[in-house]
Amino acid sequence: MIRTLTSSAVLALSLLSAASLVNAQPWVAGEHYRVLDNPVRTASDNGVEVAEVFWYGCPHCYNFKPLAEAWEAEAPDYINYVKLPAALGRSWEPHAYAFYALEAMGELDKVHDALFDALAGERRPLNTPEALADFVAGYGVNAEKFLENYNSFGVRARVQQAQAKIRGARITGTPTMLVDGKYVVSASMAGSHENTLKVVEYLAEKERSGSE
């Protein structure tokens, strides 16, 4: 004999189904992203910081770059997008210094793409301050002022702060995204560069709304 459900049973099943949909999350902590036990400091207390940890010589960063730039261009106003040049090895350090030297000079936009092309695309040996100064000079940047900034206390402090943040987040590869100093996302966890940005978007909205 087929029994019909009472109206109260139907309502209970409907509520259970709705609750399941609300609680379902497309991205899972420990699988698609990592939650830091000890969050690291963000540059601002306002909005949600999304930090792109990269290295100019990283081919994966090179491939990720246009996707990340397109995402940044369309990101909502509450997103504070920053770039953190990683110095995970001694050979990476000159490029982190170059990034902050150019930023201090207001010349980063002139050379950022070119440095990626030269180091990740062409694998050119730009591994000393002098070689980097000669390179940026070809893009209209004053080589002498570049070296002054490269060797300055301010740039050294910025590099050290960035590396302390990267170490604090236990980031060991690039490209990696750090969301609001609390969550770490990479393609190896998310499954692809495209998914990385989807997870970042999910986590940024999670932080903005204050949900758990």
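Please treat every number below as a calculation from the coordinates, not as lab data. Computed from a predicted structure; not experimentally measured. Cβ coordinates were reconstructed from backbone atoms using ideal geometry, including for glycine residues, and neighbour counts include every protein chain displayed.
Can you tell me what share of the DSSP beta bridges in the chain is antiparallel? A percent to the nearest 5 is fine. Could the numbers behind the result be given before it?
Numbers: 9 of 17 bridges.
Around 55 percent of the beta bridges assigned by DSSP in the chain are antiparallel ones.
Can you give the Rg/Rh ratio of the range 59-146, where Rg is from the C-alpha atoms and Rh is the Kirkwood radius?
Details: Rg = 13.6 Å, Rh = 13.9 Å.
Rounded to two decimals, Rg over Rh is 0.98.
Okay, helix-only estimate at 222 nm for the chain: each DSSP H run of n ≥ 4 adds -39500 (n - 2.57), divide by all residues, round to 500 deg cm²/dmol; what do you get? Spell out each step's value before the answer.
Values: 9 runs with 109 residues, N = 212.
Mean residue ellipticity, 222 nm, calculated: -16000 deg cm²/dmol.
Which label marks the calculated value of Rg and Dmax of the Cα atoms in Å, given the options (i) 22.0, 91; (ii) 16.2, 45; (iii) 21.5, 87?
Computing Rg and Dmax of the Cα atoms in Å and matching it to (i) 22.0, 91; (ii) 16.2, 45; (iii) 21.5, 87 gives (i).
Distance cut-off 23 Å, Cα to Cα: go down the list 110/182; 145/165; 110/165; 83/206; 65/145; 110/198 and report the pairs above it. Spell out each step's value before the answer.
On the way: 110/182 32 Å; 145/165 27 Å; 110/165 26 Å; 83/206 21 Å; 65/145 28 Å; 110/198 29 Å.
In this structure, 110/182; 145/165; 110/165; 65/145; 110/198 lie more than 23 Å apart at Cα.
Helix by helix, which DSSP H runs in the chain go 15 Å or more along their axis at the Cα atoms and have an average Kyte-Doolittle hydropathy of 0.5 or more? Display every interim value, and only then the final one.
Numbers: long enough: 7-23 (24 Å, 1.59); 59-74 (24 Å, -0.75); 93-105 (18 Å, 0.10); 153-168 (22 Å, -0.47); 193-209 (24 Å, -1.06).
Helices passing the filter in the chain: 7-23.
Do you know the relative contact order of the chain, to the nearest whole percent, from alpha carbon pairs under 8 angstrom that are 6+ apart?
On the way: 262 pairs, mean separation 66.6, N = 212.
Relative contact order, the chain: 31 percent.
To make sure I understand, if each residue's beta carbon is the centre and we count other beta carbons within 10 Å, what order do 186, 192, 209 fall in, fewest to most? Walk me through the numbers before you get to the answer.
Values: 186 22, 192 11, 209 8.
Ascending number of Cβ neighbours within 10 Å: 209, 192, 186.
Tell me which of 43, 121, 139 sits at the most positive position along the dipole axis of the chain, charges placed on C-beta atoms (Lys, Arg +1; Asp, Glu -1).
Looking along the dipole axis, the top candidate is 43.
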